[in-house]
Amino acid sequence: MEVWKLFMLFFSAFLGGSAIFLVKSDKSQLLKLILSFSGAYLFAITVLHLIPDAYSGPDHAEIGIFILIGFLFQILLEQFSEGVEHGHIHKHGDSKAFPYGIMISLCLHAFLEGMPLAKDQHNALIFGISLHHIPAAFALASILLQSKFNRNSVLFYISIFAIMAPLGFYVSYGLSNGTIGGVENYFNKIMGIVIGIFLHISTTILFESSVDHKVSKRKMIAVLCGVAIALVGYFSNGGHSH
């Protein structure tokens, strides 16, 4: 993978978390629009690119099972992460206790998302993961600040989260080329799990924040922009191809 792609994966999350120190006004509306855009883009690339790729392999009959596993696994992770993957920011009072459940589940989530990149380095997937990690890192930084961690500690833990997707790529790359052990045949199954995670996250972002199932004009514009950019990338490559 080109170095710039690894930098993009890292710095999108790191800068997304660091932005908590720069944005002084009410952040909720801006965060909701970023979430809507990223959720729509993530859903679009999953449908246009990831699902067709996953079903193109010799073990395509089993992919649906792994998509379900990924979907259910994300539900399990959210019991510990409290929905930070969706950019949710929960009040944690004045407690200085470290949010272990949130941190561990977020890091595992990001690590799994980075694993398919060793086989599939499509720019749309890298951009989608990077975009998705911006609000997640922002929400994590907010929770850490609420827990009374100082600036350096927040940046340290944001850096750990930011490195997980590139780390997932390197571990997966080592598995695929035999450095760690040749299990290349499992990549489509890993992709199935990631698809399930993406489907859960993207649909949750798009639907849970709509009051009475009504979508505001600004949210609709953000959603249409996310889908439009995914479609531009899709058609600029001549549609889906293997």
Once both label points are put 7 Å beyond Cα along the C-beta direction, the PHE98-PHE21 separation in nm becomes 2.0 nm
Leaving ligands, DNA and RNA out of it, work out the accessible area of ILE51 with a 1.4 Å probe and give it in Å² to the nearest 10.
-> 40 Å²
What accessible area, in Å² to the nearest ten, does a 1.4 Å probe give for LYS5?
-> 10 Å²
If ligands, DNA and RNA are left out, what is the accessible area of LYS148 with a 1.4 Å probe, given in Å² to the nearest 10?
-> 110 Å²
Accessible-area ranking of CYS107, CYS225, largest first, probe 1.4 Å | CYS225, CYS107
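The values are calculated or read from the model by the stated rules, or taken from the named source; none is laboratory data. None of the values given here were measured: they were computed from a predicted structure. Neighbour counts run over all protein chains shown; Cβ positions are idealised from the backbone, glycine included. Quick note on the areas: whole protein, heavy atoms, side chains included, nothing else; ligands and nucleic acids left out. Shrake-Rupley method; radii C 1.70, N 1.55, O 1.52, S 1.80 Å.
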